[in-house]
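A.B. asks: My questions all concern the structure below.
The values are calculated or read from the model by the stated rules, or taken from the named source; none is laboratory data. If you're wondering where the values come from, they're calculated on a predicted model, not measured in any experiment. With ideal geometry, Cβ positions are generated from the backbone for all residues, glycine too; neighbour counts draw on all protein chains shown.
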C-alpha cells in the first residue's frame, strides 16, 4: 500500500513579522524582505518553519496501482488538519510514502506545525511519553 500526498501552505506573516521585527510593512514587502534574509541559497522560497499548512491531499493506492481512497483537508485550523492527516495515516499499518519534495518541505513541515499548534493527536501523545521520566532508555 502507498500513500501519495502533497501539502499546500501559505507564508506565516505573523511569525515573519516577529522574526524580522517588522510590524509596519505590507505583506508583499514583508515577503520580499523575508525571501532575501531567510531563504536558503538565495532560492527565494522560505523554509518550512515560515509557513502555515492550509491544505493537504492524499490518495491510498494498492501496490498494483489501483486507487483505494482519497482523503484531504483544507482550512485555517492547522490543528484540525494535522489531526485529520494523522487519522488518515493510521488507516493502514504498513505503507510507503510517495511525494514531491516531501523530504525537503512537506515532511519537515509536519513536526513544525505540531509544535506550533496545541494538537493532541495520537502521535503527539506518543511523543510526550518519551519526554517523561517513565520512558527509560534501553542499553543494547
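A.B. asks: If you check 20, 46, 89, 82, which single one turns out to be closer than 22 Å to residue 116 by Cβ, surrounded by 14 or more Cβ atoms within 10 Å (Cβ to Cβ), in contact with a helix residue (DSSP H, G or I) (Cβ under 9 Å, 6 or more places away or on another chain) and in contact (Cβ under 8 Å) with a residue 40 or more places away in the chain?
C.D. replies: Numbers: 20 fails: in contact (Cβ under 8 Å) with a residue 40 or more places away in the chain; 46 fails: in contact (Cβ under 8 Å) with a residue 40 or more places away in the chain; 82 fails: in contact (Cβ under 8 Å) with a residue 40 or more places away in the chain.
From the options 20, 46, 89, 82, the qualifying one is 89.
A.B. asks: Among what's in the range 1-17 and is touching a helix residue (DSSP H, G or I) at 6+ places or on another chain (Cβ under 7 Å) and either within 14 Å of residue 76 (Cα to Cα) or free of Cβ contacts under 8 Å to residues at least 12 places away in the same chain (or both), pick the residue that is surrounded by the most Cβ atoms within 10 Å (Cβ to Cβ).
C.D. replies: Per the stated criteria, the residue is 7.
A.B. asks: Find the residue count for the range 25-39, including only residues that are surrounded by fewer than 14 Cβ atoms within 10 Å (Cβ to Cβ), in contact with a helix residue (DSSP H, G or I) (Cβ under 9 Å, 6 or more places away or on another chain) and farther than 14 Å from residue 10 by Cβ. Steps first, please.
C.D. replies: Quick first cut of the range 25-39, residues surrounded by fewer than 14 Cβ atoms within 10 Å (Cβ to Cβ) only: 26-29, 32, 36-37.
The next check asks that each one be in contact with a helix residue (DSSP H, G or I) (Cβ under 9 Å, 6 or more places away or on another chain); those that pass are 27, 37.
After this cut, where a residue has to be farther than 14 Å from residue 10 by Cβ as well, the list is 37.
Going through the range 25-39 one residue at a time, the tally reaches 1.
A.B. asks: From the list 58, 65, 72, pick out the single residue that is more than 24 Å from residue 34 (Cβ to Cβ), modelled with pLDDT of 90 or more and in a loop (DSSP other than H, G, I, E, B).
C.D. replies: Working: 58 fails: in a loop (DSSP other than H, G, I, E, B); 72 fails: in a loop (DSSP other than H, G, I, E, B).
Exactly one residue qualifies, and that residue is 65.
A.B. asks: Specify the residue that is surrounded by the fewest Cβ atoms within 10 Å (Cβ to Cβ); the eligible residues are those in the range 49-71 that are within 18 Å of the chain's Cα centre (by Cα) and without any contact (Cβ under 8 Å) to a residue 40 or more places away in the chain.
C.D. replies: Let us first name the residues in the range 49-71 that are within 18 Å of the chain's Cα centre (by Cα), namely 49-59, 71.
Now narrow it down to the ones that are without any contact (Cβ under 8 Å) to a residue 40 or more places away in the chain: 50, 71.
Working: 50: 20, 71: 17.
Result: 71.
A.B. asks: Going through the range 92-114 one residue at a time, which ones are free of Cβ contacts under 8 Å to residues at least 60 places away in the same chain, over 8 Å from the mean Cα position of the chain (by Cα) and either in a loop (DSSP other than H, G, I, E, B) or over 18 Å from residue 46 (Cα atoms) (or both)?
C.D. replies: 93, 101
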